[in-house]
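Okay, structure first, notes after.
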Amino acid sequence: QTALKVFPNPTTDVVYIQSDESVYIYSLSGKLVKKIDAAPKNITVSNLEKGIYFVKSKNKMVKLIKF
């Protein structure tokens, strides 16, 4: 089973995403806002509006709070 790690959560500017698979960030309304290829990544989220987002890989999902 592939791990999906997202931290810090909640966040304001940058989030670290660790996954062996591609990862997708969706808004609460279901709109795809960002796609991240596999491998650990520091992702800038300061351009995203405050709110709740879902970080999904093939088999995992993590709720991300941006404030």
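Structure summary
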read-out	value
Subset of region 53-67 [farther than 15 Å from Pro8 by Cβ and part of a strand (DSSP E or B)]	Phe54, Lys56, Met61
Subset of region 11-45 (residues that are aliphatic (A, V, I, L, M), under 11 Å from Ser57 (Cβ atoms) and assigned to a loop (DSSP other than H, G, I, E, B))	Ala38
Residue check, Glu49 loosely packed, with under 12 Cβ neighbours inside 10 Å, assigned to a loop (DSSP other than H, G, I, E, B) and free of Cβ contacts under 8 Å to residues at least 60 places away in the same chain	yes
Count - residues of region 49-64 that are under 14 Å from Val23 (Cβ atoms) and touching a Lys or Arg at 6+ places or on another chain (Cβ under 9 Å)	4
Residue in region 23-33 that is surrounded by 13 or more Cβ atoms within 10 Å (Cβ to Cβ) and farther than 17 Å from Lys66 by Cβ present	no
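Bear in mind that the values in this text are calculations on the coordinates, not laboratory data. All values derive from a computational prediction rather than experimental measurement. We place every Cβ from the backbone using ideal geometry, glycine too, and count neighbours over all the protein chains shown.
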